[in-house]
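J.: This structure is in structure tokens; I'll ask about it shortly.
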There are 2 protein chains.
Amino acid sequence: MKLFSYFRSSASYRVRIALNLKGLAYEQSPVHLIKNGGEQLSDTYRKINPEALVPALIDGDEQQALSQSLAIMEYLDEQYSERPLLPANPHDRAWVRSLALAIACDIHPINNLRVLKYLSATLGASDEQKNVWYRHWCAVGLASLETRLANDARRGLFCFGDQPGFADCVLIPQIFNAQRFNCDMAPYPTLMAINERCLALPAFKDAHPSAQPDAE
Amino acid sequence: MKLFSYFRSSASYRVRIALNLKGLAYEQSPVHLIKNGGEQLSDTYRKINPEALVPALIDGDEQQALSQSLAIMEYLDEQYSERPLLPANPHDRAWVRSLALAIACDIHPINNLRVLKYLSATLGASDEQKNVWYRHWCAVGLASLETRLANDARRGLFCFGDQPGFADCVLIPQIFNAQRFNCDMAPYPTLMAINERCLALPAFKDAHPSAQPDAE
């Protein structure tokens, strides 16, 4: 498998964790989101993923790259049944997916690099205003996630039960990002305990931005 | 089933279409996103969905409401197997999910009501700046969707094949929103042809914001 990714991209980080948890081998083809005006915007990369976003994954001899991190994770879980990332029961699956989507839809896109760029370049936001913006959406999203997970009986050592899975793949990159922007993480003890347990595991360590070939 | 929704909420609209396509009966419990300072932020509603967002769905005697529109749609497709919304093959499923996520992650959240509110209330953006913001993210997302769908052999009368499904449930509410904000839709003939076909079907007509009990 070939993963088009950027070391610090949260969505790429999710897929790296998923691949590692499932024990699937892959090579990385780095796409630099800042250098050369953003390599993801190049014609070459647009031929691989017309969305001009990372990650994208090519599995084996497939012609077409898969895109959208959550769609890729679902694909991996369907195509490679060992070590499932999602639970078996539809209610539990809906719960775990809702945790992942609460981050992937309601926190991450609003705080993505291209949005922060627009805030400063087009709306003239200061660095401080951008940081406040970032921390605001992060706090709103993480607070409800903390409440939901803290009160859920299905939570174990990880978001769901005692094995890391689909939701953890999305949570840990979001916490990494939040810490980069100096968000106050004290209000989220449940999330931070899960984060600590994940970061101790090889699948998460090997997926960490600092461990990637394109890390700076 | 009981759906907590708001007539104009794009995410609620998605789930209404999915329920209708699958022929599942439901009653609606409207949550007004503007009146009373936003009913979704009330303690009463937070007990149903701590995320303070619509939609939420209670299926039968379940204690817990399901949240996040895409997680609800996946649940409906798993729990009620008739009239599947997703195709059978993992590659095709990944493709269809990536179309849905390209809207649900990369267009909709950035243009959501709460984000537009923040732009004006906290960053002092003018109405015109908010409109330009909306149209910008819409154009970026819809342009890549148009390219991808126009070039995909699996597209039929609808996003995937000749039956409406998962991606159409997400596309049509996004087009409705884009038109509300006067986005120029001329560059998206493929998407608009699908939109026209969908809007002619009862499942989509009955889910339309103007047909809801809380429509204004």
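The values are calculated or read from the model by the stated rules, or taken from the named source; none is laboratory data. Keep in mind that this is a model prediction, so the values were computed, not measured. For neighbour counting, all protein chains shown are included, and Cβ atoms are generated from backbone atoms with ideal geometry for every residue, glycine included. These accessible areas exclude ligands, DNA and RNA; they are computed on the full protein's heavy atoms, side chains included. Shrake-Rupley method; radii C 1.70, N 1.55, O 1.52, S 1.80 Å.
J.: Among the residues of the stretch B:156-180, write down those that are open to solvent by 40 Å² or more (accessible area, probe 1.4 Å) and either in contact with a Ser or Thr (Cβ under 7 Å, 6 or more places away or on another chain) or within 25 Å of B:Gln68 (Cα to Cα) (or both).
T.: Correct list: B:Phe160, B:Gln163, B:Phe176, B:Gln179, B:Arg180.
J.: Do we find that B:Ala71 is at the interface with chain A (Cβ under 7 Å from one of its Cβ atoms) and of a type in the set (A, V, I, L, M) in this structure?
T.: yes
J.: Just name the residue that is nearest to A:Ala65 (Cα to Cα) out of those in the stretch B:68-89 that are out of contact with any Lys or Arg (no Cβ under 6 Å at 6 or more places or on another chain) and open to solvent by 30 Å² or more (accessible area, probe 1.4 Å).
T.: B:Asn89
J.: Between a residue in the stretch A:18-35 that is assigned by TED's automatic domain parsing to the domain that holds A:Asp59 and any residue that is outside any loop (DSSP other than H, G, I, E, B) and of a type in the set (D, E, K, R), which pairs come within a Cβ distance under 6 Å, given they are 6 or more apart or on different chains?
T.: If the second residue must be outside any loop (DSSP other than H, G, I, E, B) and of a type in the set (D, E, K, R), the pairs left are A:Glu27/A:Lys2; A:Ser29/A:Lys2; A:Val31/A:Glu39; A:His32/A:Glu39.
J.: Same structure again: With A:Ala65, A:Ala100, A:Ala94 as the choices, which residue is in contact with a strand residue (DSSP E or B) (Cβ under 6 Å, 6 or more places away or on another chain), within 27 Å of B:Asn112 (Cα to Cα) and buried (at least 19 other Cβ atoms within 10 Å of the Cβ)?
T.: Just a single option satisfies the conditions, and that option is A:Ala94.
J.: Please go through the stretch A:52-62 and give me each residue that is open to solvent by 20 Å² or more (accessible area, probe 1.4 Å), at the interface with chain B (Cβ under 10 Å from one of its Cβ atoms) and closer than 21 Å to B:Asp106 by Cβ, ordered by number.
T.: Selection gives A:Leu53 alone.
J.: Quick one: in the stretch B:131-163, which of the residues that are in a loop (DSSP other than H, G, I, E, B) and touching a Lys or Arg at 6+ places or on another chain (Cβ under 8 Å) is farthest from B:Leu99 (Cα to Cα)?
T.: Applying the filter and picking the extreme gives B:Leu157.
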